[in-house]
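Shown below is the structure under consideration.
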Amino acid sequence: KVMELLKLVQLDWLADRHPAALSGGQRQRVALARALAVEPRVLLLDEPFGSLDAKVRQGLRRWLRRLHDTIKITSVFVTHDQEEALEVADRVVVMNQGRVEQIGTPQEVFDHPATAFVMNFLGHVNIFHGRVESGKALLGPIAMDYPEHPGEQSLPAAGYARPHELEVGRSADADGGLWATVRHVHAAGAVVKLELVDDEGHLLQVDVTRQHHEEMQPQPGERLYVRPRTLRVFVQP
């Protein structure tokens, strides 16, 4: 059975290796094989990759996903790494101080966050503070319909947009945006990240395609018009 488990975790070629000679990722696979030896009905994994570097973690996530599809066992995977949860899980439970905020598929919780905490927790967001009243959300220079609150009472609220949900340009050709100054351009990688600061000193992060960046060539110190394509509004308690 030992060799069967080692083959399952793809370590049979290291069967005679001393534990001290194994890498961190290999040790985690051995630990998982040890847990599977008792043929559990449910497998609990409490941050199993927490001590490993990012590249090893990424490889182990893919491996664990394939292994899970092979052995067909229910697993509870605890992690503070949002990317890890979204990549490995079939269903995600987002918890905040012991309270469940949302349950759903990775796509559901990412695309349709139920609360501001879920929105803020699952990746970087840009936040626009303001209020809602009379069916409108008034978030600084941004105004939009908010039929969820038709009453006249003014309530504090915030609008959330992920970096890829903001668009930038050199002219204010549409309402619902604001001017900001480019502070830094991170051009390494498939997506170019722009850091901007608005007139009130708030930091904004915008992700643009390399093609868009090459066409615009934004420079530090330049003023750009930032407009959210999508904005999720949550009333603050």
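The values are calculated or read from the model by the stated rules, or taken from the named source; none is laboratory data. Not measured: the values here are computed from a predicted model. Positions of Cβ are generated from backbone atoms using ideal geometry, with glycine treated the same way; all protein chains shown enter the neighbour counts.
Could you say whether any residue in region 202-222 is more than 22 Å from the chain's Cα centre (by Cα) and in a strand (DSSP E or B)?
No: region 202-222 contains no residue that is more than 22 Å from the chain's Cα centre (by Cα) and in a strand (DSSP E or B).
Now for a different question. Working only within region 73-95, note down all residues that are exposed (fewer than 14 other Cβ atoms within 10 Å of the Cβ) and in contact (Cβ under 8 Å) with a residue 24 or more places away in the chain.
Once the filter is applied, which keeps residues that are exposed (fewer than 14 other Cβ atoms within 10 Å of the Cβ) and in contact (Cβ under 8 Å) with a residue 24 or more places away in the chain, region 73-95 yields ILE73, THR74, VAL76, VAL78, HIS80.
Taking only region 201-236 into account, find how many residues are out of contact with any strand residue (DSSP E or B) (no Cβ under 9 Å at 6 or more places or on another chain) and under 25 Å from GLY159 (Cα atoms).
The total comes to 1.
Scan region 111-125 for residues that are buried (at least 17 other Cβ atoms within 10 Å of the Cβ) and either aliphatic (A, V, I, L, M) or over 13 Å from the mean Cα position of the chain (by Cα) (or both) and jot them down.
Selection gives ALA116, VAL118, MET119, LEU122, VAL125.
Now a separate question. Every residue in region 70-101 that is out of contact with any Ser or Thr (no Cβ under 8 Å at 6 or more places or on another chain) and of a type in the set (Lys, Arg), please.
Passing the criteria: LYS72, ARG99.
With respect to ARG66, determine if the residue is at pLDDT below 85 and not aliphatic (A, V, I, L, M).
Judged against the criteria, ARG66 is a match.
Now for a separate question. Pick from region 181-204 the residues that are closer than 16 Å to HIS129 by Cα and not charged (D, E, K, R): which of them is surrounded by the fewest Cβ atoms within 10 Å (Cβ to Cβ)?
My answer is GLY201.
Can I ask one more? Tell me, please, whether a residue that is on the phi < 0 side of the Ramachandran plot and polar (S, T, N, Q) can be found in region 130-150.
no
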